[in-house]
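Below is one structure, written out as structure tokens; comments come after it.
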Amino acid sequence: MAAASSPLRVDRNTLRVNQAFIVGFTVLAFVVGDEVGRWFVLGTGLVMLLGTLDERLALFKQVHRRILKPSGILGPDVKIEDPMPHQFAQAMGSVFLLAAFAALAGGAVGLGWVLTFMVAALALLNLTVQFCAGCFVYFQLDRRGLLPASIASTRVAS
């Protein structure tokens, strides 16, 4: 396996920029109101979903990779760790935001904003204290063998 010879890495500053955009756009969605805000919710959810499916489409992360890091504004903070828990967390957040958009568009405004604020609050929690709730869910599911092999941890049990 290629992963054994080359450890997986995560740039934590790329993740932080991603989280800051998620918080910013979800709060902005609420500030501008239901009619316009739901489109910010949809856009943020789609950016997260596309970025989960293909890292090159992770537009918020690309801001760090292509603008902030090369210009020296915010350098790298690379850690050796598996990026899959973070991808799983982002996928969960995108599902919540897409459900929030459906609720907002369908007239269940209260539910839509609750789902949106759950994503914003968890992204803010990760941004400020580095606790990733989606990663926690991933690790709990992985520990119990409940993840598909395609995304399950590749670590060897000791």
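All of the numbers you see were taken from the coordinates with simple rules; none came from a lab. The structure displayed is predicted, hence computed values, not measured ones. Every residue, glycine as well, gets a Cβ built from its backbone with ideal geometry; the counts of neighbours run over all protein chains shown.
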Quiz item: Separation between the PHE30 and LEU8 pseudo-spin-labels, each 7 Å from Cα along Cα→Cβ, expressed in nm?
Solution: 3.2 nm
Practice problem: Work out, step by step, the length gained on full extension between LEU125 and LEU74: first 0.36 nm times the residue separation, then minus their alpha carbon distance; give nm to one decimal. | Solution: 16.4 nm
Practice problem: For a label point 7 Å from the Cα of ALA133 along Cα→C-beta, name the residues of the stretch 9-46 whose backbone N is under 17 Å from it. | Solution: 19-27, 45
Quiz item: Using the Karplus equation 6.51 cos²θ - 1.76 cosθ + 1.60 (θ = phi - 60°), what ³J(HN,Hα) coupling, rounded to whole Hz, does each residue of the stretch 36-50 give in order, writing x for Gly and Pro?
Solution: 8, x, 4, 6, 5, 4, 4, x, 5, x, 5, 4, 5, 5, 4
Quiz item: How would you classify the chain from its alpha-carbon gyration tensor, with a ≥ b ≥ c the square roots of the eigenvalues: rounded for a/c under 1.5, else prolate if a/b is greater than b/c, otherwise oblate?
Solution: oblate
Quiz item: Shape of the stretch 106-158 from its Cα gyration tensor (a ≥ b ≥ c, root eigenvalues): rounded if a/c is under 1.5, otherwise prolate when a/b > b/c, or oblate?
Solution: oblate
Self-check item: Rounded to whole Å, sorted largest first: equivalent-ellipsoid semi-axes of the stretch 1-57, Cα gyration tensor
Solution: 32, 13, 5
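Sort LYS69, LYS61 so the one with the fewest other Cβ atoms within 10 Å of its own Cβ comes first.
The fewest-first ordering by Cβ neighbours comes to LYS69, LYS61.
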Quiz item: For the chain, with the dipole built from +1 on Lys and Arg beta-carbon atoms and -1 on Asp and Glu ones, taken about the Cα centre, which of VAL23, LEU68, LEU111 lies farthest toward the positive end?
Solution: LEU68
